[in-house]
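Participant: Input: one structure, supplied below.
The values are calculated or read from the model by the stated rules, or taken from the named source; none is laboratory data. Keep in mind it's a predicted model, so treat the numbers as computed, not measured. Positions of Cβ are backbone-derived with ideal geometry, glycine not excepted, and every protein chain shown enters the neighbour counts.
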Amino acid sequence: MKEDKQIHTAHQRSPITWVPTAYFAMGLPFVVLNMVTVLMFKGLGVEDKLITFWTSLILLPWTLKPLWSPFLELFKTKKFFVVATQLITGITFGLVAFSLNLPHFFSIAIALLAVIAFSGATHDIACDGVYMSELTPSEQAKYIGWQGAFYNIAKIVATGGLVYLAGYAIERYGGIENADQATMLTANQKAWMLIMAILCATMVLLGIYHIFMLPKGKQRDTNEKRTAGDVMKELVAVLADFFRKSHIVYYLCFIILYRFAEGFVMKIVPLFLKADRATGGLGLSEKEIGLYYGAYGAAAFVLGSLLAGYYISSRGLKKTLFTLCCIFNLPFVVYALLSIFQPESGWIICSGIVFEYFGYGFGFVGLTLFMMQQVAPGKHQMAHYAFASGIMNLGVMLPGMLSGWVCETLGEWFNKPGGYEPFFIFVLIATIPAFLITYFVPFKYAPDGSLLKGEKE
């Protein structure tokens, strides 16, 4: 009776009280680790190749999370993992803040950020679990917009608001244009310590809030004789079924190559925007990057995603996929042009970034929908979609790890300081495999979910 009352009380609490905050907490750590830390380490004087390698590698848990997600079902509740990971993430951000003043700050900070990555990936699993188990199908459909909106708001807050605030703080601490190197370094240390402290407070407060507002859910059935060995056998069986799908090798190559060029670009662009003009960059301040890249760019991404949905629904994925691939990859020419001409006009730079981000949002939808409609369908649909997403993340992570080294090497070969100009030309060449594999990609399912003639599971 008591358990029924708890479930009834949780059900009575409107999802609007926790869905937005939970998915904001999901998006914030990922965006900070993926994008914001790149600028932080750049301001603290770390080499580009070290920044790109390590800030890419620490994202590995988001690729591997499907491998440990089944084991979470054996312990505690989904709410427990959501709250625990939010608190762990918050406290660890606080430790990162303290580490920035230490002699070997980069190694220590990367180790702490790796902890945040594992915690954040685990949070994603548990948060999606709460969403799916506590809401009815109609409620899931009703609040899916809130879910996506607040995940993207987290992106705007991190890459826009926090980066802008970091730039403002750097100036307040004496990091003005003509300041000496030591003053700039000290100003960056203080500013980024402040940002990490804000992230610490935000995540801890969200964790405390969700202790009270998140649905409690059902307790794990202690009578269920399900061991870790049973879970492992099931996981192996699901993986084997995934790799037995028809066209799976082609599909995996497609998933990796679709975002291959983006993987190179993602880590280098913030460094390029921040680097001074003498080394081939655009010499933007953190405030300008936060405004152009984080705010306007993120808004263009959302707009592109929305319009792509209508475009695909009107013509179907099969007829639009190659166009989506072109819109996704061709805008990278913007960065090649910016690196060649190095314009000083903020409007020109901002317009280029907005154009690229719009194309990114427009084209990304195509890959997501392809994985849902062509790769995932079958007996283990959710698990197979998670595997495909993990491989997609791996396809972005690996070129991201190499991007700094490639940029530096090309700069040396062509005698271009910073290497940004030849690097972005290289990126345009790297888009060619995506065009080829997308043009010939086979479709297995019709729009209604039925198998096409001659195809098999």
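Participant: State all residues of region 84-123 that are of a type in the set (Val, Ile, Thr), surrounded by 20 or more Cβ atoms within 10 Å (Cβ to Cβ) and under 24 Å from Pro20 (Cβ atoms); if no residue qualifies, say none.
Facilitator: Those that are of a type in the set (Val, Ile, Thr), surrounded by 20 or more Cβ atoms within 10 Å (Cβ to Cβ) and under 24 Å from Pro20 (Cβ atoms): Thr85, Ile88, Thr89, Thr92, Ile116, Thr122.
Participant: Could you run through region 167-212 and say how many residues are farther than 14 Å from Phe93 by Cβ and part of a helix (DSSP H, G or I)? So that I can check it myself, show each step before the final result.
Facilitator: Of region 167-212, the ones farther than 14 Å from Phe93 by Cβ are 167-191, 208-212.
When the remaining residues are screened for being part of a helix (DSSP H, G or I), the result is 167-172, 181-191, 208-212.
Residues in region 167-212 being farther than 14 Å from Phe93 by Cβ and part of a helix (DSSP H, G or I): 22 in total.
Participant: Something else now. Looking at the structure I just gave you, is Pro15 within 25 Å of Leu206 (Cα to Cα) and modelled with pLDDT of 95 or more?
Facilitator: Numbers: within 25 Å of Leu206 (Cα to Cα): yes; modelled with pLDDT of 95 or more: no.
No; evaluated as a whole, the condition is false for this residue.
Participant: Sticking with this one: Taking region 79-91, which residues are more than 9 Å from Gly207 (Cβ to Cβ) and touching a Pro at 6+ places or on another chain (Cβ under 9 Å)?
Facilitator: At the first step, the residues of region 79-91 found to be more than 9 Å from Gly207 (Cβ to Cβ) are 79-81, 91.
Passing the criteria: only Lys79.
Participant: Would you confirm whether any residue within region 262-276 is surrounded by fewer than 22 Cβ atoms within 10 Å (Cβ to Cβ) and on the phi > 0 side of the Ramachandran plot?
Facilitator: So far as region 262-276 goes, no, none of its residues is surrounded by fewer than 22 Cβ atoms within 10 Å (Cβ to Cβ) and on the phi > 0 side of the Ramachandran plot.
Participant: Continuing with the same structure: So Ser314 fits all but one of (1) touching a residue at least 60 places away in the same chain (Cβ under 8 Å); (2) surrounded by fewer than 18 Cβ atoms within 10 Å (Cβ to Cβ); what number is the exception?
Facilitator: (1)
Participant: Quick one: in region 420-457, which of the residues that are of a type in the set (Ser, Thr, Tyr) and touching a residue at least 60 places away in the same chain (Cβ under 8 Å) is surrounded by the most Cβ atoms within 10 Å (Cβ to Cβ)?
Facilitator: Applying the first criterion (of a type in the set (Ser, Thr, Tyr)) to region 420-457 yields 420, 431, 438-439, 445, 450.
Checking which are touching a residue at least 60 places away in the same chain (Cβ under 8 Å) leaves us with 420, 431, 438-439, 445.
Numbers: Tyr420: 29, Thr431: 23, Thr438: 22, Tyr439: 10, Tyr445: 19.
So, considering only residues that are of a type in the set (Ser, Thr, Tyr) and touching a residue at least 60 places away in the same chain (Cβ under 8 Å), the one surrounded by the most Cβ atoms within 10 Å (Cβ to Cβ) is Tyr420.
Participant: Also: How about region 380-440: which helices (runs of 4 or more DSSP H) wholly inside it have at least 3 residues that are under 30 Å from Val46 (Cα atoms)? Talk me through it step by step, then tell me what you get.
Facilitator: Details: elements: 381-413, 420-430, 432-439.
By residue number, 381-413, 420-430.
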